[in-house]
Amino acid sequence: MRNLKKHRFMYMILLPGLLYFVVYKYVPMLGLIIAFKDYKLMLGFWDSPWAGWHNFTQFMQGVYFWDIMANTLLISLYKLLFGFTAPIVLALMLNEVRTEWFKRSVQTLTYLPHFVSWVIVYGLMVALLSPGDGLVNQLLQASGFQTIAFLTEPEWIRPLIVTSDVWKETGWGAILYLAALSGIDPSLYEAARIDGASKGRQIWHVTLPGIRNVMIILLILKLSNILDAGFDQIFMMANVFNLEKADIIDTWVYREGLERMNVSLATAVGIFKSVIAFVLVVGANKVAKRFDGQIW
Amino acid sequence: MSTTSKREKLLQGVNYAALLLAGLICLFPFFYVLSVSFTPAAEVVRRGVVLIPEQITLYAYNQVLQGYGLGNAYQVTLFRTLVGTGLNLVFTILMAYALSKKSLPGRAPLLMIVIFTMLFNGGLIPTYLLTRYLGLLDTVWALIVPGLISAFNLIIVKGFFEQLPQEIEESAKVDGAGDMRVLWRIVLPLSMPVIATIGLFYAVFHWNSYFDGIMYIRDQQLYPLQVVLRNILLNFQTQTADAVSDTTLPASFLSIQMAAVMLSTVPILLVYPFLQRHFAKGVLLGSVKG
């Protein structure tokens, strides 16, 4: 009781935030019960009948299941492959630049796309890629080639998703690596040079070990988000024409739950995804701890 | 020795050139969109690809501001960005300050409650149903309340508060200052760097998010900027064919679309120098705490 009085102010200012977390983060978790019901908007939360695991089995047996899983994992893996390595390469390249103003200018330009929304990025794509008057198609046409409907052709959507993601986030992703690089002790390079190490060997033996921890942490974060293929981006870029190659778990959940109002089924899929993500992030964290200090 | 240094010089040159190219690739789409938004339709017909227009027209900007509801959407987005960010900051700072006090009983479980939400969440549908149940649908509050506190930002601010020297706060209390006064007069002024940083995080989030507008808002009068922009852009599938061939208009439909893109991008560009400085700091602050 004395504690409560002494810390009254702290508990008071903590309360609004705590209330937010309970109402907006934990109540929806209870709402997951919907996944085990056959939720009808008319009947509401309590009166809708129970459905057991039906929604989960229905999802996993659905014809769409493998399609959206494949889309989600493929897009994620491509993004991981290019989106993880590109910032490292950029940071290593910037690290070799001795002209300060040049380095700063390149950084300023490459950060820029990070701050615009996916809607705006899509606007840029329309300007460059739209079938009639997009820049690329005008150039194709002028050189006697067939125009390509980049934004609606299913074969083009995945490359576009991955490329635009790399374009938007590479400069930003390089920041953490640059910070780690600036923390490397210069005497290590000095010693390597005296031992006759070439530039390549210096990068391999001094630079890369210096950013190893950042690499591991970011890789873990990306791996544990493998089922998040990028909702904001794909919801913007997918359309009826290219959906077969772009429909991921999240976009499917949105359509199933809020457009077709199969609330229970969509919630079940949401849980399915959250649980896998949770297992991945906890597991990845354990693995990282075990390998820490042993990869190089 | 001289051959290696020659090779290294060459490598340096290639490196500079590649970096210059990377910078230009990031800049060029914006430049091209700017150019398209000002180019008269007649010039496109005459010259084909136009990178720098000989004449400029403001027709596209007039059209998009008058006929497409962009002015109204600006107000909605401005409101959610200003009021939303303000509320974000108040809620985040208050909770972070309490959680930064290591002597606070129950601090560890309270922190767990916050951190767990970063690992697991109820997902889209239950969150939507809750917002609906709370009666927030079709109000601007649906764009503000669901994202009131970001756990990530909360942890950053908490970490910053923990690093402040406790002695200053204690001596102020000895001098008779109340808790609120200490927070307001001593802690906040010392924390301006981190507050500016997460303020910008929140503001950019509000300016850029579009999906909550699609999910929670049906009333067209309440559409935020990004939703209106999205609708203008998605028209391309139906309208571009006519607009391209219609050369009687002063500017093509693509120009109108690009004027809308520019109007939504410019505010970000205006605050970009601040963004760049503080965001980089914020990312690093966040990483210190792991």
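Just a few scattered comments:
- In terms of the mean number of neighbouring beta-carbon atoms within 10 Å, the peptides A:124-133, A:21-30 order highest first as A:124-133, A:21-30.
- Kirkwood estimate for segment B:169-241, i.e. one over the average of 1/r between Cα atoms, Å: 16.2 Å
- Segment A:181-296 pair-distance distribution - Cα-Cα, 5 Å bins, rounded %: 2, 10, 14, 13, 12, 10, 9, 9, 7, 6, 5, 3, 1, 0
- The spread of Cα positions in segment A:36-95, taken along each principal axis and listed from longest to shortest, comes to 62, 25, 16 Å.
- Gyration tensor analysis over the Cα atoms of segment B:59-288 returns equivalent ellipsoid semi-axes of 42, 20, 14 Å (largest first, whole Å).
- Rounded to the nearest 500, the 222 nm mean residue ellipticity of chain B from helices alone is -24000 deg cm²/dmol, with -39,500 (n - 2.57) taken per DSSP H run of at least 4 residues.
- As a proxy for reagent exposure, ranking B:Arg218, B:Arg277 by other Cβ atoms within 10 Å from fewest up yields B:Arg218, B:Arg277.
- Taking other C-beta atoms within 10 Å as the exposure proxy, A:Val136, B:Val194 rank A:Val136, B:Val194 from fewest upward.
- When A:Trp156, A:Trp46, A:Trp252 are sorted by how many other C-beta atoms sit within 10 angstrom of their C-beta, beginning with the fewest, the order is A:Trp46, A:Trp156, A:Trp252.
- Spin-label pair B:Ala172-A:Ser182: with each label point 7 Å from Cα along the Cα-Cβ axis, the two points sit 3.0 nm from one another.
- With the convex hull of its Cα atoms as the shape, the protein assembly as shown has an orientation-averaged projected area of 33.0 nm².
- Those residues of segment B:209-231 whose amide nitrogen sits under 17 Å from the label point placed on A:Glu259, 7 Å along Cα→Cβ: B:211-218, B:230-231
- Choice from A:Glu153, A:Glu256, A:Glu190 with maximal GNM fluctuation in chain A (Cα, 10 Å cutoff): A:Glu190
- Looking at segment B:39-124, the trypsin sites (Lys or Arg not before Pro) that sit in a DSSP loop and have at most 13 other Cβ atoms within 10 Å of their own Cβ are B:Lys102.
- Residue-normalised convex hull volume from the C-alpha trace of segment A:95-145: 124 Å³ per residue.
- Peptides B:9-17, A:240-248 ordered by packing proxy, namely the average of other Cβ atoms within 10 Å per residue, highest first: A:240-248, B:9-17.
- MRE, 222 nm, helices only [DSSP H, n ≥ 4, -39500 (n - 2.57), over chain A, to nearest 500]: -21000 deg cm²/dmol
- Counting Cβ atoms of other protein chains within 10 Å of each residue's Cβ and taking the mean over peptide B:256-268 gives 3.
- Over segment A:121-171, all Cα pairs binned in 10 Å intervals from 0 give whole-percent P(r) values of 27, 50, 22, 2, listed from short to long.
- When each of A:Lys103/A:Lys168; A:Lys286/B:Lys102; A:Lys168/A:Lys273; A:Lys79/A:Lys273; A:Lys37/A:Lys273 is checked by Cα-Cα distance, pairs over 23 Å: A:Lys286/B:Lys102; A:Lys168/A:Lys273
- Selection from B:Val14, A:Ile226, A:Val282, by position along the positive dipole direction of the protein assembly as shown (Cβ): A:Val282
- Cβ neighbours within 10 Å from other chains - mean over B:206-216: 3
- Simple spin-label estimate for A:Glu96 and A:Tyr64 in nanometres, 7 Å along Cα-Cβ: 4.8 nm
- Average other protein chain Cβ within 10 Å of Cβ, residues B:14-24: 5
- Magnitude of the charge dipole, chain B, Cβ model with Lys/Arg +1 and Asp/Glu -1, debye to 20: 700 debye
- Relative to its Kirkwood radius, the Cα radius of gyration of segment A:37-291 gives an Rg/Rh of 1.07.
- Cα-centred dipole magnitude for chain A, charges only on beta-carbon of K, R (+1) and D, E (-1), debye, nearest 20: 1360 debye
- Charge dipole magnitude, Cβ of K and R +1, D and E -1 - the protein assembly as shown, Cα centre, debye nearest 20: 1820 debye
- Taking amide H atoms as placed 1.01 Å from N in the peptide plane, the amide H of A:Lys37 lies under 5 Å from those of A:Ala51, each 5 or more residues away in sequence or on another chain.
- Which of B:Pro146, B:Phe120, B:Ile217, positive extreme of dipole for chain B (C-beta unit charges): B:Phe120
Only the coordinates and a few stated rules stand behind these numbers; no lab work does. Everything quoted here is computed from the prediction, not taken from an experiment. Counting neighbours? That spans all protein chains shown, and the Cβs are built from the backbone with ideal geometry, glycine included.
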